[in-house]
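Student: Below you'll find the structure I mean.
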Amino acid sequence: MSAIGLASSNPYTDDADVVADEARHAQDLGYATLWRSGDLPMVAAAVRATTTIPVATGIISVSRVPAADVIALHADLEPGRFVVGIGGAHGPRPLQTISGYLDELDAAGIRAGVLAALGPNMLALARERAGGAYPYLVTPEYVAQARNQLGADRTLAVLQMVIPLTDRDDARRAASGPLEFLAWKPGGYRRNLLRQGFTETDIDQVSDRLLDGITAWGEPQRIAERVAEYHAAGADQVVLRIVGADDIAVWRAKLAATLID
C-alpha cells in the first residue's frame, strides 16, 4: 500500500450519492486508498463511482457479515479494487472465529487484505493468514513493535485520528467524541492503550499524554511531521481519520496538498 489513505467521514451512511461523491473526491486528490466501514452496498457504491482508487473495509465485522456476502461482492467488482479488511469477532474465541472466516475466504480464492489486529495473537494471525494489519489508537512505538512482529513483507496500515485544530483544549474535545466508546465498550482498544503504557485516567480524561500519543493535531505541517513519525516507525500507509473540522472536504484537500507527493 502507498503512503497516505483516507478514512471515510461518512462511514455509516446509506446514501450512495454521498458515498460516491466522497470516493471521487478522494481519488481526485490522490489518496492511495479509501477506507470504509463494512457496509457492503456502500463499498460497492464507492468502487463503482471511481476508476482506480482501491476501497478497503476497516472493518467488516465477521460476527455480523457472512463471508458468503463478501465473496459474492468481491466476485462482482473489478479485480484489485476491493480490499477486504476484517475483524470484530465477538465471543469467547475470537481468534478461532476469525480463522474460520478466513478459511471461507481462502476457499473462494480471496486473501484478506488486513485484519483489525492489536494484540500479539491477532498480529500473529495477520502475519500468517492475511496481507497485514490495520491498528487504531496506537503510538509510533507500538507501530515499531507491530512491524517487528509482522515482518517486512506484510502491510501495516495505521488508522490515525487527525485533528486540524491548533488549540489543545479544542483538539481534546474533538478527540473525546470518537473515544467515548472506550468508556461504555471496554475491550481490545482499551486493553491495548493500557499495554502501551497509558493509564485509566489518561484514557478516561483524554489526557495531554493520550492526545499527543495517539493523534495528529495542529497546523498541517505539524500533522505532516506527526504522520512522518508513523511512517518512520514502520507504517506502510497512514490512514487519515479527520475529526473536528468544520468543513471535512476542505481539509481533505488541504491535507492531501501537504502530505501527498
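Taken together, the values in this text are just the output of simple stated rules run on the coordinates, not laboratory data. On a predicted model such as this, the values are computed, not experimentally measured, just so you know. Cβ: placed from backbone, ideal geometry, glycine included. Neighbour counts: every protein chain shown.
Student: Using a 10 angstrom cutoff on alpha carbons, build the Gaussian network for the chain and name the most mobile of 133, 75, 233.
Tutor: 75
Student: Once both labels are modelled 7 Å past Cα along the beta-carbon direction, what's the residue 253-residue 24 spacing in nm?
Tutor: Placing both labels 7 Å along Cα→Cβ, they lie 1.5 nm apart.
Student: Treating the beta-carbon of each Lys and Arg as +1 and of each Asp and Glu as -1, no other charges, what is the dipole magnitude of the range 3-260 about its Cα centre, to the nearest 20 debye?
Tutor: That gives the range 3-260 a dipole magnitude of about 620 debye.
Student: For the range 72-88, in order, what is each residue's ³J(HN,Hα) by Karplus, 6.51 cos²θ - 1.76 cosθ + 1.60 with θ = phi - 60°, in whole Hz (x at glycine and Pro)?
Tutor: Residue by residue, the range 72-88 yields 5, 5, 4, 5, 8, 9, 4, x, x, 9, 10, 9, 7, x, 10, x, x Hz.
Student: Give me the number: length gained by fully extending residue 124 to residue 166, i.e. 0.36 nm times residue separation minus the C-alpha to C-alpha distance, one decimal in nm.
Tutor: Extra length from residue 124 to residue 166 when fully extended: 11.3 nm.
Student: Residues with beta-carbon under 13 Å from that of residue 81, excluding residue 81: net charge, scoring Lys, Arg +1 and Asp, Glu -1? Please list the in-between numbers first.
Tutor: Working: positive: 36, 48; negative: 76, 78.
Summing Lys and Arg as +1 and Asp and Glu as -1 gives 0.
Student: I would also like to ask the following. Distance from the Cα centre of the range 126-192 to that of the range 31-108, in angstrom?
Tutor: 20
Student: Name the residue, out of 68, 44, 116, whose mean-square fluctuation peaks in a Gaussian network model built on the chain with Cα pairs under 10 Å.
Tutor: Evaluated over the chain, the most mobile residue of the options is 68.
Student: Also: Name the chymotrypsin sites (Phe, Trp or Tyr not before Pro) in the range 1-82 that are in a loop by DSSP and that have at most 12 other C-beta atoms within 10 Å, would you?
Tutor: 12
Student: Mind checking the full-extension length gain between residue 78 and residue 208? Use 0.36 nm per residue of separation minus the Cα-Cα distance, one decimal, nm.
Tutor: Full extension from residue 78 to residue 208 adds 42.4 nm.
Student: Compute the relative contact order of the chain as a whole-number percentage, counting only Cα pairs closer than 8 Å that sit 6 or more residues apart in sequence.
Tutor: Relative CO of the chain lands at 20 percent.
Student: By per-residue mean of other Cβ atoms within 10 Å, what is the highest-first order of 104-112, 212-220?
Tutor: Descending packing order for the listed peptides: 212-220, 104-112.
Student: Measuring from label point to label point, each 7 Å out along Cα→Cβ, what is the residue 225 to residue 195 span in nm?
Tutor: Reported label-point gap for residue 225 and residue 195 is 3.0 nm.
Student: Label-point separation (nm) for residue 104 and residue 10, each offset 7 Å from Cα along Cα-to-Cβ?
Tutor: Using points 7 Å along Cα→Cβ, the separation is 2.9 nm.
Student: Summing +1 for each Lys or Arg and -1 for each Asp or Glu, what net charge is found among the other residues whose Cβ lies under 14 Å from the Cβ of residue 111?
Tutor: Values: positive: 127, 129, 154; negative: 103, 104, 106, 128, 153.
Cβ neighbours under 14 Å give a net charge of -2.
Student: If Lys and Arg each add +1 and Asp and Glu each add -1, what is the summed charge of the other residues whose beta carbon sits under 15 Å from the beta carbon of residue 7?
Tutor: +1
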